[in-house]
Amino acid sequence: MLLQPAAIDGLAFARNKAVLTGRLGIESLPRLVQSGCSGSVLDFVMTGEINERGKPGLRLAVDGDVRLQCQRCLGSLELPLHLRTELEFASSEAEIMAADDDIERVVAGREMSVAALVEDEVLLALPMVPKHEQCSAAADSAASEGTSAFQALAALKKRSFSGG
Ligand SMILES: [Zn+2]
């Protein structure tokens with residue numbers, strides 16, 4: 001396997017329609033770790049392009065499994081991730097602020113961190129409040145819909161104490 005570069009020169013990457021394939025462990029993505037993700041790897045493909053608007057940018061595909069904590073039962077939740085997104089390069093923050101469309105932009109740099117680009121998109125794709133689709137805690141906590149994770153934790157503790 002080729003050594004994965006840590007950074008790309010954004011504009012050159014776009015113009016050359018470069019393709020970068022790689023794999024990142026979640027432990028190497030500090031903001032994902034901080035948001036409660038653990039344990040697996042993410043495979044990505046980054047493809048430089050000049051988009052249909054004539055702007056440089058890249059397409060990003062990320063596939064993997066992310067492990068999160070269910071905010072209802074606090075159990076582990078495996079979330080398959082199949083992310084496809086497109087980013088356009090802007091020349092400045094001001095240009096991004098001035099744009100009033102739905103296109104996702106990032107300021108082009110000569111050393112854009114590959115991990116940070118992938119991490120940004122994964123963070124955006126994750127649910128704000130991760131929950132099991134069929135949560136084991138759902139049956140006995142219909143009333144607790146909307147309670148905080150903190151309250152749920154307290155309830156969980158109480159239950160395990162009364163059980164012993
Ligand atoms: Zn759950």
Problem set entry | Environment charge at Leu87 (Cβ cut-off 12 Å; Lys +1, Arg +1, Asp -1, Glu -1) | -2
Exercise. Pulled fully out, how much extra length does the chain show between Lys55 and Cys135, if you take 0.36 nm times their separation in residues and subtract their Cα-Cα distance?
Worked result: 24.4 nm
Exercise. Just how far, in whole angstrom, is the stretch 1-72 from the stretch 110-126 if you go by their alpha carbon centroids?
Worked result: 6 Å
For this session: Quick one: net charge around Lys17, please, counting Lys, Arg +1 and Asp, Glu -1 for every other residue with C-beta under 13 Å from its C-beta.
Result: +1
Problem set entry | Among 73-79, 112-118, the order from most to least packed when residues are scored by Cβ within 10 Å on average | 112-118, 73-79
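Read-outs throughout are calculated quantities, based only on the coordinates presented, and are distinct from any laboratory measurement. Keep in mind that this is a model prediction, so the values were computed, not measured. Note: ideal-geometry Cβ built from the backbone for every residue, glycine included; neighbour counts use all protein chains shown.
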